[in-house]
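Peer 1: First the structure, then my questions, so here it is.
The values are calculated or read from the model by the stated rules, or taken from the named source; none is laboratory data. Note that the coordinates shown come from a computational prediction; the quantities given were computed from them, not determined experimentally. Every residue, glycine as well, gets a Cβ built from its backbone with ideal geometry; the counts of neighbours run over all protein chains shown. Accessible surface areas use protein heavy atoms only, side chains included; no ligands, DNA or RNA. Shrake-Rupley method; radii C 1.70, N 1.55, O 1.52, S 1.80 Å.
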Amino acid sequence: MALDIVDLVAGYGDITVLRGINLSVPAQGVVTLLGANGAGKTTTLNAISGLQASVSSGAIRLEGTDLTRMPAHERVEAGIAHVPQGRQLFPFMSVRENLELGSYAPRARGHDKDVLDRVFSIFPRLKERLRQQAGSLSGGEQQMCTIARGLMSKPRYLLLDEPSLGLAPIVVKQVMSVIRQIAGQGIGVLLVEQNVALALKQAQYAYVLEHSEITIAGPATELQNDDRVRKAYLGL
Amino acid sequence: MLDILPQLLVSGLLIGGVYGLLSIGLTLIFGMLRIVNFAQGEFIMFAMFGAFWLHALWGIDPYLSIFIITPVVFGLGQLIERVVIKPILHAPHAMQIFATFGLSVVLQNLALTFWGPDYRSVQTSYTSQSFIVGNVAISATSLYAFLVAFLMAGALMAFLQFSRDGKALRAMVQNRYAASLMGVNTDRLNRLAFGAGVAYAAVAGCILTPIYYTYPTAGVDLIITAFVVVVLGGLGSVAGAMVGGLIIGVTQTLTGFFISVELKDVIALVLFILILLIRPQGLLGRAGMEEVGTK
């Protein structure tokens, strides 16, 4: 029971960004993918959700189902929700409409009410903002709304791309506590972060992506004490 | 001289409604796909020929033929989207113009080949019928066209506002990438939007058959006004297309009577330029929308 990436080679056009990476996200808990800017973290997520990046070899399997050649919209139906970097909301639509679009996939239809209640229990702030245009929310609220929208499709696996980017430290704390709550509800979370110390605190397992390859992998607690990680990413 | 004003206003509003109907499909396609469909007039013309032949061969009323022609054009539009529009969706503007303009030339010449250059018209029992209210005469065909125009505009706005796919379409315009991440099949919605856009042209064509002549370049003559209406109302705004249509219709009718028939287009275009000087995004357009949709 996991989301498995096997020997994945992927990129954009003629440019290869990932040269055969392997990683596995269990059905519950948080796995983090770390790495410097341009290492290929976002490309990994795009390859999993089937957008922009093209896969030339390898496989993406969701609990046995092969997603590698599946169109992007069917992958949402299979149980993947990708919360993109940079809060890609629908700015001229209300928060409610943004959330409704989150449950566009057939798997979420008819459950809108339950899912919405669950999402409000995690993000009480959004309930007050339902009628507001998404583009007029504060940065932190937009990030919350993006994650909430991702949860609306009742995903089995949630891909989070740099959720702490550009947020005030206190808001980052809130976002991280939300991620813990989500993982506790039986959703496998793949967390991509530049804030390595923060990510290692949330995750049970971690991968480090360097120059298109996974160079370090192991339990998060081990990586916190790994000399290479401490030097390169924690500045210790 | 002023006692004719109510008549002029009514006539202007009625013709304005038809302008609005001609423009809805154009603004829908631009609003959703960011493609200016230069072949939109040809879809109107094909529907007119369809309505003409259904009437000539089997005596089917042009209003009834809406229910036959619209689904056919809707299907045809989806096919054309797949073949002509999809490959140029993210191409430079010049290439998009060549493709849809080329489509327009092909369709015009198909009509010319099959049906010849003759002007044809459909005579129905209600062609010259009119209702008299007070001292205002209301032409039946124009009134029906006006009513259908508002009905169709209302239906489209309700669809975009409340339905699943309508919301998904609006979302797709604002952020195509994010819409895909929601599980929206953007290829299918592109086909749907183009199909619906040309289906609106088909309805307009059927409605116009009893009022206007049917000939291979009828679409060109009709669509020029529609372009003005779409920009005036705000690119991508359905309500804007209707309001813009009414303004152009009334302006043309009033200047045609009070100033000169030759100048009616000139005055309408001067008004058009003046409005755009004050509101460059059009009457009901949203500033910056034309850039939002390009992602």
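Peer 1: If you average over every viewing direction, what projected area does the convex hull of the Cα atoms of the protein assembly as shown give, in nm²? List each step's numbers first, then the result.
Peer 2: Values: hull surface 116.2 nm².
It is 29.0 nm².
Peer 1: May I ask you to give the percent of accessible area on the range B:12-162 that is carbon plus sulfur, with a probe radius of 1.4 Å?
Peer 2: Working: 5280 of 7140 Å².
Heavy-atom surface of the range B:12-162 belonging to carbon and sulfur, 1.4 Å probe: 74 percent.
Peer 1: Let me check against my output: what whole-number percent is the relative contact order of chain B, with C-alpha pairs under 8 Å and at least 6 apart? All intermediate terms of the calculation are to be shown ahead of the outcome.
Peer 2: Values: 487 pairs, mean separation 111.8, N = 295.
Taking the mean separation of contacting Cα pairs over the length of chain B, I get 38 percent.
Peer 1: For the Cα atoms of chain A, what angle does the longest principal axis make with the long axis of helix A:112-122, in degrees from 0 to 90, nearest 10?
Peer 2: 70
Peer 1: Here's something else I'd like to know. When N is the residue count of the range A:142-236, what does its C-alpha Rg come to as a fraction of 2.2 N^0.38 Å? List each step's numbers first, then the result.
Peer 2: On the way: Rg = 13.8 Å, N = 95, 2.2 N^0.38 = 12.4 Å.
Here the answer is 1.11, to two decimals.
Peer 1: With a probe of 1.4 Å, find how much accessible area chain B has per residue, and write the answer as a whole number in Å².
Peer 2: 43
Peer 1: Among rounded, prolate and oblate, which fits the range B:98-139 when a ≥ b ≥ c are the square roots of the eigenvalues of its C-alpha gyration tensor, a/c under 1.5 means rounded, and a/b larger than b/c means prolate?
Peer 2: In terms of gyration-tensor shape, oblate.
Peer 1: Given N residues in the range B:202-275, what is Rg(Cα) / (2.2 N^0.38 Å)?
Peer 2: Cα Rg divided by the expected 2.2 N^0.38 Å: 1.16.
Peer 1: OK, next. Roughly how tilted is helix B:164-174, in degrees to the nearest 10 and between 0 and 90, from the longest Cα axis of chain B?
Peer 2: So the helix axis and the longest Cα principal axis differ by about 80 degrees.
Peer 1: Is the C-alpha gyration tensor of the range A:72-203 telling us rounded, prolate or oblate? Criteria: a/c under 1.5 is rounded; beyond that, a/b larger than b/c is prolate, otherwise oblate.
Peer 2: oblate
Peer 1: Also, I was wondering about something else. Are there residues in the range B:167-181 whose accessible area shrinks by at least 20 Å² when all protein chains are included rather than the chain by itself, and which are they (probe 1.4 Å, ligands and nucleic acids not counted)?
Peer 2: For the range B:167-181, once contacts with the other chains are taken into account, B:167, B:170, B:171, B:174, B:175, B:177, B:178, B:180, B:181 lose 20 Å² or more.
Peer 1: I'd like the distance separating the alpha-carbon centroids of the range A:171-218 and the range B:4-57, in whole Å.
Peer 2: First find each Cα centre; the distance between them is then 56 Å.
Peer 1: What does the extension gain come out to for residue B:188 and residue B:129, with contour length at 0.36 nm per residue minus their alpha carbon separation?
Peer 2: 16.9 nm
Peer 1: State the extension gain, in nm to one decimal, for the chain segment bounded by residue B:110 and residue B:137, taking 0.36 nm per residue of separation less the distance between their alpha-carbons.
Peer 2: 5.8 nm
Peer 1: So what are the three principal axis dimensions of the range A:1-71 from its Cα atoms, in whole Å, longest to shortest?
Peer 2: Sorted from largest, the Cα extents of the range A:1-71 read 34, 27, 18 Å.
Peer 1: Is there a simple number for the mean count of other chain Cβ atoms within 10 Å of the Cβ of residues in A:103-114, and what is it?
Peer 2: Whole-number average of other-chain Cβ neighbours for A:103-114 is 2.
Peer 1: Under the classification rounded if a/c is under 1.5, otherwise prolate if a/b is larger than b/c and oblate if not, where does the range B:13-72 fall, given a ≥ b ≥ c as square roots of the Cα gyration tensor eigenvalues?
Peer 2: prolate
Peer 1: Straight-line reach from residue B:167: which lysines have Cα under 27 Å away, leaving out those fewer than 8 places along the same chain?
Peer 2: Reachable lysines: A:113, A:127, A:154, B:86, B:295.
Peer 1: Here is a follow-up. At q = 0.07, 0.09 Å⁻¹, what is the base-10 log of I(q)/I(0) for chain B according to the Debye formula with one equal point scatterer per Cα and no solvent? Please give it to two decimals.
Peer 2: Values returned for q = 0.07, 0.09 Å⁻¹ are -0.26, -0.43.
Peer 1: Compute the semi-axes of the equivalent ellipsoid of chain A, taking the square root of 5 times each eigenvalue of the Cα gyration tensor, and list them largest first in whole Å.
Peer 2: 27, 21, 16
Peer 1: Ok, one more. For chain B, find the longest principal axis of its Cα atoms and tell me its angle to the long axis of helix B:62-80, 0 to 90°, nearest 10.
Peer 2: 30
Peer 1: Please give, to one decimal in nm, the separation of the simple spin-label points placed at residue A:94 and residue A:132, each 7 Å out from Cα toward the Cβ.
Peer 2: The two pseudo-label positions are separated by 1.4 nm.
Peer 1: While we're looking at this one, here's another question. Quick one: divide the alpha-carbon radius of gyration of the range A:61-103 by 2.2 N^0.38 Å and tell me what you get.
Peer 2: 1.42
Peer 1: Along its principal axes, what span do the Cα atoms of the range B:62-143 show, with the longest given first and each in whole Å?
Peer 2: 55, 29, 24
Peer 1: Tell me, Kirkwood radius of the range A:51-147 from alpha-carbon pair distances, in Å?
Peer 2: One over the average 1/r among Cα pairs gives 14.9 Å for the range A:51-147.
Peer 1: Suppose R0 equals 56 Å. What FRET efficiency, 1/(1 + (r/R0)^6) with r the Cβ-Cβ distance, do residue A:194 and residue B:276 give to the nearest 0.05? List each step's numbers first, then the result.
Peer 2: On the way: r = 46 Å, r/R0 = 0.82.
E(calc), rounded to 0.05, equals 0.75.
Peer 1: Once R0 is set to 60 Å, what does the formula 1/(1 + (r/R0)^6) return for the Cβ-Cβ distance between residue A:204 and residue B:72, expressed as a FRET efficiency to the nearest 0.05? Display every interim value, and only then the final one.
Peer 2: Working: r = 58 Å, r/R0 = 0.97.
That gives a FRET efficiency of 0.55.
Peer 1: Also, quick follow-up: Lysines within cross-link reach of residue A:231: Cα-Cα under 25 Å, excluding same-chain residues under 8 positions apart?
Peer 2: A:41, A:173, A:201
Peer 1: A follow-up question, please. What's the percent breakdown of Cα-Cα distances in the range B:93-208 across 10 Å bins, shortest bin first?
Peer 2: Percent of Cα pairs in each bin: 10, 25, 28, 22, 11, 2.
Peer 1: Hey, what did the range B:213-292 get for relative contact order, percent, Cα under 8 Å, at least 6 apart?
Peer 2: 33
Peer 1: Chains B and A: buried accessible surface, both sides, probe 1.4 Å, rounded to 100 Å²?
Peer 2: 2200
Peer 1: Kirkwood Rh, the range B:118-180, all Cα pairs: how many Å?
Peer 2: 15.2
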